Amino acid sequence: MIAPPDALCRVTKPFQPANIPLRDVHRTPEDLATLMRAANSGDAVAYRQVLAGLAGNLRIIARRGLARAGRSGDDAEDIVQETLLAIHLKRHTWNEALPLMPWVRAIAHHKLVDAMRRRGFRTHLPIEDFEDTLGADATPSPAWSSECEVLLSRLPERQRQIVQAMSIEGHSARDIGVRLGMSEGAVRVALHRALKALAEGLAGVEK
């Protein structure tokens, strides 16, 4: 379970990853913003709901971005999970006086580009798709690194190394495979499993 440094630590009753809906949950941007404000104030139920609600939006963003770049949707789910992880780690950087979705789309855009770069693709996504995200603040706080370490510590060592190298440091699957003595395909499978495990555990908090 995650022990975040901010208001979520005040939640007195932990809830389990199994409670997170795996299906897409439709919510309006206004609903999601309201839930995120409540989550940042320590409402664990709202946090679980906002993650489930954002997942559907992120799948649309990932699949559309990959399609417009002429790529298959095979990496869409990993992009979704990486974006959810980044949202969790950077949630304090969202200005609650502003709409939520431009900030979410900015993070998703960066993760989409990172994923394609790791595949060895050089691509330019249409700027109009993300023009409302360019002012979003993605600067991590001093607590970011320590919380990231807590998250990664829940993973087996090999998966932790892969997530650290690919999702955080931006290395390619080929480079990591050479370093770890794994095939490129095996690295991607391990990344997918690790990200899925992290996403399923994001909503678990400890008092």
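Coordinate-derived values only; no laboratory data. It should be emphasised that the depicted structure is a prediction, and the values quoted were computed from it without experimental measurement. All Cβ positions, even for glycine, are placed from backbone atoms using ideal geometry, and neighbour counts span all protein chains on display.
How far apart, in nanometres, would the label points at ARG160 and ALA69 be if each is projected 7 angstrom from Cα along the Cα-to-Cβ direction?
Spacing of the two 7 Å Cα→Cβ label points: 2.9 nm.
When the chain is fully extended, how far beyond the present Cα-Cα distance does HIS171 get from HIS26, taking 0.36 nm per residue of separation?
Gain in length upon complete extension: 48.8 nm.
Work out, step by step, the length gained on full extension between ASN95 and ALA197: first 0.36 nm times the residue separation, then minus their alpha carbon distance; give nm to one decimal.
In short, 33.9 nm is gained.
Using a basic spin-label model with each label point 7 Å from the Cα along Cα→Cβ, how many nm lie between ALA38 and LEU180?
With each label point 7 Å from Cα toward Cβ, the separation is 3.8 nm.
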